[in-house]
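I have placed the structure first, in the form of structure tokens, so that the comments after it can refer back to it.
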Amino acid sequence: MTPAARATALRQQIAQHDYRYYVLDDPTVADAEYDALVAELVAIERAHPDLVTPDSPTQRVGGQPVTGFATVEHLLPMLSLDNSYDEAALVEFDDRVRRGAGTADVAYVAELKIDGLSIALTYEYGRLVRGATRGDGTLGEDVTANVRAIRAVPLVLTGDRRPLVEVRGEVYLPKPAFEAINREREAAGEPLFANPRNAAAGTIRTLDRATVAGRGLRAYFYQVVVPPGLPGVAPTHADLLPTLATWGLPVERHWRRCGSIDDVMAFCREWAEARRTLPFETDGVVIKVDDLAVRETLGATAKFPRWATAFKFPAEQATTRLLRIEVNVGRTGAVTPFAVLEPVRLGGTTVQMATLHNDQEIQRRDIRPGDRVLVEKGGDIIPKIVKPILADRPADLPAWVMPAACPSCGSALVRPEEEVVWRCENASCPARLRRSLEHFASRRAMNIEGLGESLVDQLVTTGLVGDYADVYALDAARVAALDRMGPKSAANLIAEIDRSRAADLWRLLHALGIRHVGEGSARALARGFGSLAPLRAASGEAIETVPDIGPIVARSVRSFFDEPRNGRVVDRLVAAGVNTEAREAGAAAAAQPLAGLTFVITGTLDTMSREEAAAAIERLGGKVSTSVSRKTSRLVVGREAGSKLEKARTLGVAELDEAAFRALIMQE
Ligand code: IVH
């Protein structure tokens, strides 16, 4: 067999295994056998670079780095769905449909409503050429590069070669992948995603394809759009879905053809309960007229098709006791109340906390500690309190009052007249200091691995650290004496701190925790001034001239540096040797696609030494670590990988084989 023929055969086999794994959930080979096929293909493509094709599985993360999203127009508008909240609404929908169709007999297809974001894929002659988000329905964002990184999406359709077809569906994150991402974010001190839908939407829109590839997005498809005037794919929806599956597209398998609206209601009732057993979030059932000719007759309003409706599952509710209301002190000093509940089962998990936005909201809704309360879990991980059950309230239950003083440092809380949030204004408040230090060390700031919540807590409690600058004066022997530390972890921490001295200026600006300065503004300021000294000296007006910086950020930066205490800490950071120059200027920022990611390399790589691999990662902004932990973003797996691979698998760390790793670093 010629290398060309072998490469083609391998690509087909790999696509077939991807299909079995991602679409049918029924792999027929062990991971190692699959990896061997990929490795063989990589070897052939390396020896014969002219044989590499754009739809080769080795190219899912290849190509140019993503720099932004172009706007694209959909073949036909992507409509939304009208909602039905109860069975009466379903009966009305059915009446309208039958009247519009002019027949008493209408069959439906009921499908689970996937809680993700809609996506439209364009295939030309069977090849994936474009992936777009819904956008405003008419214009979407071109996310082709990121869609290609989703292994559940076939790069080539099997059995369909028409010149142009658009398939539509939903990109989503399975529950276990969502939980793994949030664990990683928690460890890195980053804000958690509230639900899998937000996480999926955030992921598909990131500019870092390695992130997309590593997060485990999946997709389900349920619709086909052909250019007007061309023949459709199937006469009914019940025929269409199996056809999509034969093309190699993932189709959610629990759909059911229903002869009547009663059958539809039975389906909705079943899944209102059974949905908890699914590995993905679903927030309802989509009911669609089965016969596509009848759909034509019914047509659409400006927003919704008249032939479909979304039945929303009722939010899951339970009653429990509100034990007490506590307050949390954030890094900016914002003091926010939250509810501590008697643990209660709700939507398959035990909840014992709920959000309570602010004290005015608590007064307005008359929620009192000791009340029985109705709690509700929508799609979010943290439930909310719907209302107190007044009938159960003891006669003299006192209302809750916002504490007048900070629970951590005792300073009086203040609230500017036009705001709703109370604040502790003591810049050296231990609670604020803890949160600030966690932020300072976090991945998108100074990126000091190992300096997380529990260590920060000990450093502040023991008085070893009283501000950011103290971090750089830490001494290994003292750190080693702390709980759950030892000489080795202390030395690692000191080395990490040492490394962070070289961090780019935007990281330092972000790390300082200046109000209103997030990562984007920090990067803009670093680009605009190039170094710290001129920024510190600049007037508010001068700061405002930087592209992407508005008056609020400019004023906040100015007043931060004007505060003498902040000035002194910054002076000490500079004296400790922290870098104050911007290295990434302008477009160079985009050349750091691996920024914020930590890699571990295991086993032997065939095409490069470990040192070369590490240098490539660092050049692209990533970090290399020698041991696998929850903070590891990617494990690069070479031949004869050992215990690190095992550990990575138990932690759910994303893996890259040598081919995928090369594709990643070649994007430069
Ligand atoms: S059909 C013409 N089917 O729900 C409308 N949509 O709330 C075609 N969705 O924008 C949509 N699962 O993103 C359809 N099985 C399913 C779905 C589904 C999730 C999403 C879709 C749509 C949104 C409307």
For this session: Run down Arg523, Arg507, Arg527, Arg499 and say which single residue is under 21 Å from Arg572 (Cβ atoms), touching a helix residue (DSSP H, G or I) at 6+ places or on another chain (Cβ under 8 Å), of a type outside the set (A, V, I, L, M, F, W, C) and in a helix (DSSP H, G or I).
Result: Arg507
For this session: Give, as residue ranges, the strands (runs of 3 or more DSSP E) completely inside segment 110-178 that count at least 1 residues that are touching a strand residue (DSSP E or B) at 6+ places or on another chain (Cβ under 8 Å), within 16 Å of the ligand (Cβ to nearest atom) and farther than 30 Å from Thr277 by Cα.
Result: 127-133, 139-141, 165-172
Problem set entry | Filter result (touching a strand residue (DSSP E or B) at 6+ places or on another chain (Cβ under 8 Å) and either at positive phi or more than 16 Å from the ligand (Cβ to nearest atom) (or both)) within segment 68-84 | Phe69, Ala70, Thr71, Val72, Glu73
Problem set entry | Tally of residues being open to solvent by 60 Å² or more (accessible area, probe 1.4 Å) and within 9 Å of the ligand (Cβ to nearest atom) across segment 278-287 | 0
Seminar exercise, completed: Every listed condition ((1) open to solvent by 40 Å² or more (accessible area, probe 1.4 Å); (2) over 21 Å from Pro250 (Cα atoms)) holds for Ala9 save (1)
For this session: Being surrounded by fewer than 23 Cβ atoms within 10 Å (Cβ to Cβ) and at pLDDT 90 or above narrows it down to one of Arg168, Arg183, so name that one.
Result: Arg168
Seminar exercise, completed: Just one listed residue, out of Ala473, Ala445, Ala477, is of a type outside the set (Asp, Glu), at pLDDT below 95 and farther than 21 Å from Lys623 by Cα, and it is Ala477
For this session: Name every residue in segment 599-613 that is surrounded by 19 or more Cβ atoms within 10 Å (Cβ to Cβ) and assigned to a helix (DSSP H, G or I), in order of residue number.
Result: Ala613
Exercise. Would you call Glu87 within 30 Å of Glu646 (Cβ to Cβ), touching a helix residue (DSSP H, G or I) at 6+ places or on another chain (Cβ under 8 Å), open to solvent by 50 Å² or more (accessible area, probe 1.4 Å) and more than 16 Å from the ligand (Cβ to nearest atom)?
Worked result: no
Exercise. Scanning for something closer than 12 Å to Val553 by Cα, surrounded by 15 or more Cβ atoms within 10 Å (Cβ to Cβ) and of a type in the set (S, T, N, Q), does segment 500-517 turn up at least one residue?
Worked result: no
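Condition check ((1) open to solvent by 30 Å² or more (accessible area, probe 1.4 Å); (2) closer than 30 Å to Glu519 by Cα) across all residues:
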| site | (1), (2) |
| --- | --- |
| Tyr125 | yes, no |
| Ala132 | no, yes |
| Val143 | no, yes |
| Thr158 | yes, no |
| Tyr172 | no, yes |
| Ala194 | yes, yes |
| Ala210 | no, yes |
| Val225 | no, no |
Exercise. Is it true that Ile204 is more than 15 Å from the ligand (Cβ to nearest atom), surrounded by 21 or more Cβ atoms within 10 Å (Cβ to Cβ) and under 30 Å from Lys631 (Cβ atoms)?
Worked result: no
Exercise. Do we find that Glu252 is at pLDDT 95 or above, within 12 Å of the ligand (Cβ to nearest atom) and within 30 Å of Ala15 (Cβ to Cβ) in this structure?
Worked result: yes
For this session: List the strands (runs of 3 or more DSSP E) that sit entirely inside segment 288-374 and contain at least 1 residues that are open to solvent by 20 Å² or more (accessible area, probe 1.4 Å) and among the acidic types (Asp, Glu).
Result: 316-329, 334-346
Problem set entry | Residue in segment 25-54 that is modelled with the highest pLDDT, counting only those that are open to solvent by 30 Å² or more (accessible area, probe 1.4 Å) and among the acidic types (Asp, Glu) | Glu40
For this session: Looking only at segment 381-413, count how many residues are open to solvent by 70 Å² or more (accessible area, probe 1.4 Å) and part of a loop (DSSP other than H, G, I, E, B).
Result: 8
Problem set entry | Arg20 being at pLDDT below 90, buried (at least 16 other Cβ atoms within 10 Å of the Cβ) and under 34 Å from the mean Cα position of the chain (by Cα) | no
For this session: For Ala245, state whether it is within 13 Å of the ligand (Cβ to nearest atom) and open to solvent by 20 Å² or more (accessible area, probe 1.4 Å).
Result: no
Exercise. Among the candidates Ala473, Ala495, Ala441, which residue alone is open to solvent by 60 Å² or more (accessible area, probe 1.4 Å), out of contact with any Phe, Trp or Tyr (no Cβ under 9 Å at 6 or more places or on another chain) and aliphatic (A, V, I, L, M)?
Worked result: Ala473
For this session: Six or more apart or on different chains, Cβ under 8 Å: which pairs go from a residue in segment 53-64 that's under 20 Å from Ala4 (Cα atoms) to one that's at pLDDT below 80 and surrounded by fewer than 20 Cβ atoms within 10 Å (Cβ to Cβ)? Could you list them?
Result: Thr53/Gln59
Exercise. So Gly189 fits all but one of (1) away from the ligand (no atom under 16 Å from the Cβ); (2) modelled with pLDDT of 90 or more; what number is the exception?
Worked result: (2)
For this session: List every residue pair whose Cβ atoms lie under 6 Å apart, where the two residues are 6 or more positions apart in sequence or sit on different chains, the first residue falls within segment 96-110 and is of a type in the set (A, V, I, L, M), and the second residue, located anywhere, is in a strand (DSSP E or B) and open to solvent by less than 70 Å² (accessible area, probe 1.4 Å).
Result: Val109/Lys288; Ala110/Cys258; Ala110/Val285; Ala110/Ile287
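The values are calculated or read from the model by the stated rules, or taken from the named source; none is laboratory data. What you see is a predicted model; the values in this text were computed from it and never measured. Cβ sites come from the backbone with ideal geometry, for glycine too, and all protein chains shown count toward neighbours. Heavy atoms of the whole protein, side chains included, go into the accessibility calculation; ligands, DNA and RNA do not. Shrake-Rupley method; radii C 1.70, N 1.55, O 1.52, S 1.80 Å.
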